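Novice: First, the structure itself, so that you have it in front of you.
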Amino acid sequence: MALSLTQEYFQIPLVTRTYTTACVLTTAAVQLQVISPFQLYFNPELIISRYQIWRLITSFFFFGSLGFGFLFNIIFLYRYCRMLEEDCFQGRTADFVFMFLFGGILITLLGLFANIFFLGQAFLTMLVYVWSKRNPLIRMNFFGLLTFQAPLLPWVLMGCSLLLGNPVTADVLGIGVGHLYYFLEDVFPNQPGGRKLLTTPDLLRVMFDPPGRRFLQEEQQEGEDVQHNEEQGS
């Protein structure tokens, strides 16, 4: 049984496994009073004046104390992060890590003006938004109450936050950053005169993508470029 659980755990894609585990362990540490949320939250003043650099990362790991809200967020995180990594970014771990860095850095910069203490909710919304835009034909069933197309999912989640009386600043921030990534990565390069502006650094490719996988990815990209040029020509 233990061996089976271990095998199942290591079958989870690398990025999803790492991020989900970090979030669960952080919440467990808070629940066991090993650390305090006050040591984790995003505070630019403490980051700059007291060099508490870890807050740039830990503010993405904490989704609240153990309870329904945490379980809801961690299930959504695991589900949509894994689907992105296994489908949209299959064999492209470096590109997925780059998306994490792009979203994390931008959310952090915008968080300076949004007065958000924990940035994980915005990051989760960004992941859900990118997945929903790349799967526009999938129909969603929300707790058996609503049926809608996938691109509406981030807005439905924001609506639920409103109905529950929760602030929606993080949702709006995540949707904005997710849309910017989607536009720069999927929309603008396919426009007349457009080009790819987001390029994964070679260092990330060396770290996360084996040479054989990179070769297959380059061949796939060349095929997509040829198909796109033929469609433009016709």
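The values are calculated or read from the model by the stated rules, or taken from the named source; none is laboratory data. Quick caveat: nothing in here was measured; it's all calculated off a predicted structure. SASA here: full protein model, heavy atoms, side chains in, ligands and nucleic acids out. Shrake-Rupley method; radii C 1.70, N 1.55, O 1.52, S 1.80 Å.
Novice: Counting only residues 5 or more places away or on other chains, whose amide H sits under 5 Å from the amide H of Q52 once H atoms are built in the peptide plane?
Specialist: The answer is I47.
Novice: Once the convex hull of the C-alpha atoms of region 1-118 is built, how many Å³ does it hold per residue, rounded to a whole number?
Specialist: Details: hull volume 15.3 nm³, N = 118.
Per residue, the Cα convex hull of region 1-118 comes to 130 Å³.
Novice: On average, how much accessible surface per residue is there in region 115-208, in Å², for a 1.4 Å probe, leaving out ligands, DNA and RNA?
Specialist: Values: 5100 Å² over 94 residues.
Each residue of region 115-208 exposes 54 Å² on average to a 1.4 Å probe.
Novice: Could you look at the chain and say what percent of its accessible area is carbon and sulfur, using a 1.4 Å probe and all protein chains? Provide the component values of the computation, followed by the final result.
Specialist: Details: 8860 of 13750 Å².
The C+S portion of the solvent-accessible surface of the chain is 64 percent.
Novice: If you don't mind, there's one more thing I want to ask. For N190 and L112 in the same chain, what is the full-extension length gain: residue separation times 0.36 nm, less their Cα-Cα distance, in nm? The partial results should precede the final answer.
Specialist: Working: separation 78, 0.36 × 78 = 28.08 nm, distance 3.26 nm.
That works out to 24.8 nm of additional length.
Novice: Next question. Given the Cα-Cα distance of Q7 and V156 and 0.36 nm per residue of separation, how much length would full extension add, in nm? Could you put the intermediate results ahead of the total?
Specialist: Working: separation 149, 0.36 × 149 = 53.64 nm, distance 3.49 nm.
Gain on stretching Q7 to V156: 50.1 nm.
Novice: How large is ³J(HN,Hα), in whole Hz, for each residue of region 46-57 in order, when computed from phi with the Karplus curve 6.51 cos²θ - 1.76 cosθ + 1.60 and θ = phi - 60°, using x for Gly and Pro?
Specialist: With the stated coefficients, region 46-57 comes to 5, 5, 7, 7, 10, 6, 8, 5, 4, 5, 5, 9 Hz.
Novice: Still on this model: Not counting ligands, DNA or RNA, and with a 1.4 Å probe, what is L145's accessible surface area in Å² rounded to the nearest 10?
Specialist: Approximately 140 Å² of L145 is accessible to the 1.4 Å probe.
Novice: Once the whole set of protein chains is in place, how much accessible area is left on E185, using a 1.4 Å probe, in Å² to the nearest 10?
Specialist: 30 Å²
Novice: To the nearest 10 square angstrom, how much accessible area does S49 have with a 1.4 angstrom probe?
Specialist: Surface open to solvent at S49 totals about 70 Å².
Novice: Right, here's the next one. Which residues' amide hydrogens lie under 5 Å from the amide hydrogen of V168, considering only partners 5 or more residues apart or on another chain, with H built in the peptide plane?
Specialist: Counting only residues 5 or more places away or on other chains, the set is empty.
Novice: Okay, moving on. Could you pull out every whole DSSP H run in the chain that spans at least 30 Å of Cα extent along its own axis and averages 0.5 or higher on the Kyte-Doolittle scale?
Specialist: Values: long enough: 93-114 (31 Å, 2.07); 211-233 (33 Å, -2.16).
TM-like helix candidates: 93-114.
Novice: Could you give the length gained by full extension between L197 and L66, i.e. 0.36 nm per residue of separation minus their alpha carbon distance, to one decimal place? Walk me through the intermediate numbers first.
Specialist: Working: separation 131, 0.36 × 131 = 47.16 nm, distance 4.00 nm.
Additional length available on full extension: 43.2 nm.
Novice: What value in Å³ per residue do you get for the convex hull of the alpha-carbon atoms in the chain? Display every interim value, and only then the final one.
Specialist: On the way: hull volume 40.1 nm³, N = 234.
Dividing the Cα hull volume of the chain by its residues yields 171 Å³.
Novice: Same structure again: Which value in deg cm²/dmol, rounded to the nearest 500, describes the helix-derived mean residue ellipticity at 222 nm for the chain, given -39,500 (n - 2.57) per DSSP H run of n ≥ 4 and division by the residue count? Walk me through the numbers before you get to the answer.
Specialist: Numbers: 11 runs with 146 residues, N = 234.
Helix-only estimate at 222 nm: -20000 deg cm²/dmol.
Novice: Distance between the C-alpha centers of region 66-115 and region 36-60? Whole Å please.
Specialist: 19 Å
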